[in-house]
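The values are calculated or read from the model by the stated rules, or taken from the named source; none is laboratory data. Quantities reported herein were computed from a predicted structural model and do not represent experimental measurements. Methodologically, a virtual Cβ is constructed for each residue, glycine included, from the backbone with ideal geometry; neighbour enumeration extends over all protein chains shown. Surface accessibility is based on the protein's heavy atoms, side chains included, excluding ligands, DNA and RNA. Shrake-Rupley method; radii C 1.70, N 1.55, O 1.52, S 1.80 Å.
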Amino acid sequence: EKYQTHIGAYVDNILVGVLILTELSSHDIKMRQVAVDNTWQNQKVGTKLVTYAEIYSKKAGYKTIVLNARKTAVTFYEKLGYNIISEEFPEIGIPHLKMMKNLNDV
């Protein structure tokens with residue numbers, strides 16, 4: 001986990017959302033394992049987590065951020081400016097699509 005950054009979202013000192021950033025190269029970082037507690041979904045927690053991760057990554061010098069989105073989450077990421085860059089593929093038995101965002105747009 002030396003090359004991973006864990007980011008959490010807290011409400012009243014209670015962890016309600018998480019994500020992990022993993023360096024792929026000096027220019028690229030991967031966002032993974034984005035999760036928000038069910039009771040906090042649809043309340044902008046995920047949006048704030050992703051936005052924070054993008055700002056953090058840009059400040060750290062990365063140029064692009066990539067992720068493997070569950071097919072059901074693609075619309076969420078598209079609204080945040082991510083583009084699909086692959087065909088659908090299975091990951092842990094669930095349909096996913098690879099997505100990317102240029103951090104110059106952040």
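With contacts defined as alpha carbon pairs under 8 Å and 6 or more residues apart, what's the relative contact order of the chain in percent?
Once normalised by length, the contact order is 21 percent.
Please compute the volume of the convex hull spanned by the alpha-carbon atoms of the chain and report it per residue in Å³.
114
Among DSSP bridges having both ends in segment 2-85, what percentage is antiparallel? Round to the nearest 5.
80
Excluding residues fewer than 8 places away in the same chain, name every one of the lysines whose C-alpha is closer than 19 Å to that of LYS59.
LYS2, LYS30, LYS48, LYS101
Using only DSSP helix segments of four residues or longer, with each worth -39500 (n - 2.57), what per-residue ellipticity at 222 nm results for the chain after dividing by its residue count and rounding to 500?
That comes out to -6000 deg cm²/dmol.
So for segment 1-70, taking the charge dipole from beta-carbon charges (+1 Lys/Arg, -1 Asp/Glu), which of ASN68, THR5, ASN42 sits furthest toward the positive end?
ASN68
For segment 1-91, what does the accessible surface come to per residue with a 1.4 Å probe? Please give it in Å².
66
With a bin width of 10 angstrom, please list the P(r) values of segment 9-68 as percents of all Cα-Cα pairs, from the 0 bin to the one holding the largest distance.
23, 49, 23, 4
Considering only protein heavy atoms and a probe of 1.4 Å, how much of the accessible area of the chain is carbon and sulfur, as a whole percent?
50
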